Amino acid sequence: MSQELSIEEYIARQPRYDRNRRLMHPLLRAVVPAFCKVDIEGLPNVPRRGRTCLMINHVSYLDPIVVTVSIPFRHTVSLSKAENFSIPVAGWFLRQWGHFPIRRGEYDRKALMQTIALLKSEQLVLMAPEGTRHTGGLQQGKEGLAYIATKANAVIVPAAICGAEDWRQRLKSLRRAYAKVVFGAPFRFRSDGRKRIPRAELSQMISEAMYQLALTIPADYAHLRGYYSDIENATSDSLEFV
């Protein structure tokens, strides 16, 4: 199981997980439309290969699923809270896909280093910089994503998820859930080749990245921009668009 492996063992096992993903991904893409309609915009912004981090706003349990099925040509890999790996069926799926756990509420160095190693192995990693779900709009992003992306020299693609907040109510009333996924302009952080970035700069990087995520959220869902609603104040001094 991926949560019991060392970082080196986990990375070495990626070819096995990739085989599983090639089998499971089409099944997931076939099943999800039965209970959730997913509209997609900006798919060409997702690189077809290379070190890529998908930066999402986190509004529901469906988020990793709808993003995964939105991309037909790559497989997303993501962190999931450690408790999820103990859930019957869901835990089995997480392990077979090769997702990996994070211990929330504490500094999880292994998960941090594992994410960097995963990106360096050319995977597409999904991350929610807010750290947990917020249905009322974006909250302040944490510096972890900036640290990871600069260490791995990864491309960041903001991916806005809209309309999924009421998925439970829709399903309870026998209606399909709905989600709109919008992929924004890809960029890298300007690190100028430095191995160590001061925390103040990491804070600026994540702030500017979060504004890019807010800009990716369509105007019809402007309430989801939350803390970053003042998009007219967005800057991009630490970003390099690719």
Inset, instruction - Could you check how many residues of the stretch 205-242 are assigned to a helix (DSSP H, G or I), polar (S, T, N, Q) and surrounded by fewer than 18 Cβ atoms within 10 Å (Cβ to Cβ)? - result: 1
Inset, instruction - Looking only at the stretch 222-239, count how many residues are in contact (Cβ under 8 Å) with a residue 60 or more places away in the chain and within 18 Å of P129 (Cβ to Cβ). - result: 6
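Conditions tested, residue by residue: (1) free of Cβ contacts under 8 Å to residues at least 12 places away in the same chain; (2) out of contact with any Lys or Arg (no Cβ under 7 Å at 6 or more places or on another chain).
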position	(1), (2)
E9	yes, yes
Q14	no, yes
V32	no, yes
F35	no, no
I40	no, yes
N45	no, yes
G50	no, yes
H58	no, no
V67	no, yes
Legend entry - For L145: the one exception among (1) under 12 Å from the mean Cα position of the chain (by Cα); (2) assigned to a loop (DSSP other than H, G, I, E, B): (2)
Legend entry - Failed criterion for C53 (all others in (1) more than 15 Å from L28 (Cβ to Cβ); (2) hydrophobic (A, V, I, L, M, F, W, C); (3) touching a Phe, Trp or Tyr at 6+ places or on another chain (Cβ under 7 Å) hold): (3)
Inset, instruction - With respect to T68, determine if the residue is under 27 Å from Q169 (Cα atoms), polar (S, T, N, Q) and either under 15 Å from the mean Cα position of the chain (by Cα) or buried (at least 18 other Cβ atoms within 10 Å of the Cβ) (or both). - result: yes
Inset, instruction - Please determine, by comparing only the residues of the stretch 150-177 that are in contact with a strand residue (DSSP E or B) (Cβ under 9 Å, 6 or more places away or on another chain) and small (G, A, S), which one is farthest from F241 (Cα to Cα). - result: A177
Inset, instruction - For the stretch 36-65, name all the residues that are within 17 Å of A214 (Cβ to Cβ), at pLDDT 95 or above, surrounded by fewer than 22 Cβ atoms within 10 Å (Cβ to Cβ) and not small (G, A, S). - result: E41, N45
Inset, instruction - Could you please let me know if Y107 is touching a Phe, Trp or Tyr at 6+ places or on another chain (Cβ under 9 Å), at pLDDT below 90 and among the aromatic types (F, W, Y)? - result: no
Inset, instruction - Output the qualifying pairs, or none if there are none: Cβ atoms under 8 angstrom, residues six or more apart or on different chains, first residue in the stretch 71-100 and under 19 Å from R16 (Cα atoms), second residue assigned to a loop (DSSP other than H, G, I, E, B) and among the small types (G, A, S). - result: V77/G98
Inset, instruction - Could you tell me whether any residue of the stretch 153-171 is at pLDDT 95 or above, small (G, A, S) and either farther than 18 Å from L213 by Cα or surrounded by fewer than 17 Cβ atoms within 10 Å (Cβ to Cβ) (or both)? - result: no
Inset, instruction - Return the residue satisfying two criteria in turn: it lies in the stretch 208-242 and is out of contact with any Leu (no Cβ under 8 Å at 6 or more places or on another chain) and among the β-branched types (V, I, T), and of such residues it is nearest to N153 (Cα to Cα). - result: V242
Legend entry - All helices (runs of 4 or more DSSP H) inside the stretch 1-98 with 3 or more residues being out of contact with any helix residue (DSSP H, G or I) (no Cβ under 7 Å at 6 or more places or on another chain) and of a type outside the set (S, T, Y): 7-12, 14-31, 63-70
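The values are calculated or read from the model by the stated rules, or taken from the named source; none is laboratory data. None of these values were measured; they are calculated from a predicted model. Every residue, glycine among them, receives a Cβ derived from its backbone with ideal geometry; neighbour counts consider all protein chains shown.
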